[in-house]
């Protein structure tokens, strides 16, 4: 579907009167997004409820992350989620207000002591696993670009967990809840991959995004922000987060 056609569909009679918004997300990002999770995960439930607050229904498709992002950029979906901010993505996408605040941590093989992960020197010579479609940690991107950290990019975070356990990569970075859930889901030996005793890599957040190539995107993101704000004020936001944090 061309971007101009999508914009027309979203704006029939004005965005406020639109009834359905077509979105896409991806699997294997626990506990935030996965079609097998209750309500599709924390971020999925927040997105659906935020749009419901502004009288919009969500039609949700599930695709591999990189494909879903590209399809959204081209205008085949009105928006996608949940995504970190990056300078490259901000050139292509309009970002919502922050949905979920996160702190990125290092996960490595239990007992590994070769790298401290405490500062740039503590990462030098190591290897990182970043799934296809995921953003590189902003604080580590220069080290990856310079070759001080070697990069592997498999299809999903579960594969990263298995690569760390097998000593084929030194670490991966994600926030604590996702890291622990991904380790549990990967089927590796209990205790074989752990949260490293190292400082957080960075503070980050998850966002709803829409293509800058689509005229309707600005109004769509504004509508989402309005709905998200309503969820925070009426207590629904806290209830959703609590339900997915057990």
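Read-outs throughout are calculated quantities, based only on the coordinates presented, and are distinct from any laboratory measurement. Everything numeric in this text was worked out from a predicted model, so none of it was measured. We place every Cβ from the backbone using ideal geometry, glycine too, and count neighbours over all the protein chains shown.
Distance between the pseudo-spin-label points of residue 19 and residue 135 (7 Å out from Cα toward the beta carbon): 3.6 nm.
Using C-alpha pairs under 8 Å with a sequence gap of at least 6, the mean separation divided by the residue count of the chain gives a relative contact order of 30 percent.
Restricting attention to the stretch 101-203, close to 65% of DSSP beta bridges with both partner residues there are antiparallel. Beta bridges per DSSP, both residues in the stretch 19-134: antiparallel share near 10 percent.
Determine the percent antiparallel among the DSSP beta bridges restricted to the chain, to the nearest 5. Close to 60 percent. Relative intensity of the stretch 101-203 on a log10 scale, I(q)/I(0) at q = 0.24 Å⁻¹, equals -1.49, per a Debye sum over C-alpha point scatterers of equal strength in the absence of solvent. For the chain, find the longest principal axis of its Cα atoms and tell me its angle to the long axis of helix 176-186, 0 to 90°, nearest 10. Roughly 80 degrees, rounded to the nearest 10.
Here the label points at residue 176 and residue 229, each 7 Å from Cα along the C-beta direction, are separated by 3.1 nm in the simple model.
Rounded to 0.05, the FRET efficiency of the residue 245 and residue 36 pair, given R0 = 22 Å and the Cβ-Cβ distance, is 0.80. Length available on full extension from residue 197 to residue 119: 0.36 nm per residue minus the Cα-Cα distance, which gives 26.8 nm. Pairwise inverse Cα distances across the chain, averaged and inverted, put the Kirkwood hydrodynamic radius at 18.8 Å.
Projected label points at residue 92 and residue 74, each 7 Å from Cα along the beta carbon direction, are separated by 1.2 nanometres.
Taking the C-alpha atoms only, the angle from helix 42-53 to the longest principal axis of the chain is near 10 degrees. Rg and Dmax over the alpha-carbon atoms of the stretch 37-83 stand at 11.1, 29 Å.
Taking all Cα pairs closer than 8 Å and separated by 6 or more residues, the relative contact order of the stretch 101-203 comes to 46 percent. In the chain, the longest principal axis of the Cα atoms and the axis of helix 65-74 are about 30 degrees apart.
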